1. Relative contact order for segment 4-45: what is it in percent, counting Cα pairs under 8 Å that are at least 6 residues apart?
2. So what is the accessible area of segment 4-45 per residue, in Å², with the probe set to 1.4 Å?
3. How far is helix 25-35 tilted, in degrees, relative to the longest principal axis of the Cα atoms in the chain, given as a value from 0 to 90 rounded to the nearest 10?
4. How far apart, in nm, are the 7 Å Cα→Cβ label points at residue 16 and residue 41?
5. Here are several values of Kirkwood radius over Cα pairs in Å: (1) 12.8; (2) 12.0; (3) 12.5. Which one was derived from the coordinates shown?
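The values are calculated or read from the model by the stated rules, or taken from the named source; none is laboratory data. Model, not experiment: these values are computed from the prediction. Heads up, the Cβs are rebuilt from the backbone with ideal geometry, glycines too, and the neighbour counts pull from every protein chain shown. The area values use the complete protein model at the heavy-atom level, side chains included, leaving out ligands, DNA and RNA. Shrake-Rupley method; radii C 1.70, N 1.55, O 1.52, S 1.80 Å.
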Amino acid sequence: MTTLKHFFSPKTVAVIGASREKGKVGHDIVKNLVQYGYQGTIYPVNQRRKILLV
């Protein structure tokens, strides 16, 4: 039997297209992960920025 545990409870999440601009999907996803206490590692990925959430 295959389990979906790793899909629904990942230890690490990469957000491709993370953004500093409020209202953008990439910004909101990272913000929500942090705000609601995601316990894993978050990798916000944006090729133009090093710092995303300030």
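1. Numbers: 44 pairs, mean separation 20.9, N = 42.
Taking the mean separation of contacting Cα pairs over the length of segment 4-45, I get 50 percent.
2. 81
3. 70
4. 1.9
5. After the calculation, the listed value that fits is (2).
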